[in-house]
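One structure is given below, encoded as structure tokens.
The values are calculated or read from the model by the stated rules, or taken from the named source; none is laboratory data. Bear in mind that the values here come from a model prediction, so they are computed numbers and not experimental data. For neighbour counting, all protein chains shown are included, and Cβ atoms are generated from backbone atoms with ideal geometry for every residue, glycine included. These accessible areas exclude ligands, DNA and RNA; they are computed on the full protein's heavy atoms, side chains included. Shrake-Rupley method; radii C 1.70, N 1.55, O 1.52, S 1.80 Å.
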Amino acid sequence: IDSPAPKRITTCVAPHGMVLSQPDGARAYVACYGEDVIAIVDVEKGTVDRVPVAAGVSGFGNPQYGPYSAAMSPNGDMVAFGNTVSKDIRFLDTNTGQMVPSMTLPLLGAPYFPAWSADGTLLVLPMQAPDAVIVIDIATKTELNYRSFVNDECKRPHVAARMEDGSYAIACEGDHKGPGKVVWLDATTLATVRSTNVETYPDALALYRKGAP
């Protein structure tokens, strides 16, 4: 009841994935699906810079790229954005505030929320249509591993999270009617270590770390 009113900052058309700068949280990097831009928000000042995900975007209601997801690199220097319309991953350099076109990773399907390896050299990408998880070496743009999901193993992989032991958890949307699922994959083979059903249409993963407050 005594809490102050939340600060509201208008960002862009159809904002979705968002990450905060590290370690200060002073800037928010927002994937703006409806405008084909990345919004860089100064949280304290409330100002917004909009950076096109590629040259020549038209934006506003007819996305050619569709930036949907965002994932910050471990050292905070790069943000990976998954574009579900153009089916690729594009990167923004947080030091320059600009996209890095040379790092674009084209994909067969639509990428969702990726996870970085601990050393920042690899991306683990959940992909839909086809449903799969891919491990890509960012520097060489080389696909190191590919795991296809069949039947109800993991319908519509949506978000990946790196666990403390190096394995990866994947939230699977399912059919949006019945239970979704979380699967844990071996970091090397991408084989399923275990899985569990959850409620309908899981959309995010948050990790609880032992000893955390």
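Report the net charge of residues surrounding D24, where surrounding means a beta-carbon distance below 12 angstrom and charges are Lys +1, Arg +1, Asp -1, Glu -1. Spell out each step's value before the answer.
On the way: positive: R27; negative: D42, E44.
It works out to a net charge of -1.
What does the accessible area per residue of the stretch 93-154 come to in Å², with a 1.4 Å probe and no ligands, DNA or RNA counted?
46
Semi-axes of the equivalent ellipsoid of the chain: what are they in whole Å, largest first, if each equals the square root of 5 times a C-alpha gyration tensor eigenvalue?
Three semi-axes, in Å: 27, 21, 18.
Through the Karplus equation 6.51 cos²θ - 1.76 cosθ + 1.60, θ set to phi - 60°, convert the phi angles of the stretch 16-29 into ³J(HN,Hα) values in whole Hz; use x for Gly and Pro.
9, x, 8, 9, 9, 4, 10, x, 8, x, 7, 10, 10, 10
Loop by DSSP (not H, G, I, E, B), at most 13 other beta-carbon atoms within 10 Å: where is the longest site-free stretch of the chain for chymotrypsin sites (Phe, Trp or Tyr not before Pro)?
61-207
Given a cut-off of under 8 Å on Cα pairs at least six residues apart, what relative contact order in percent is computed for the chain?
Numbers: 552 pairs, mean separation 21.2, N = 213.
In percent, rounded to a whole number, it is 10.
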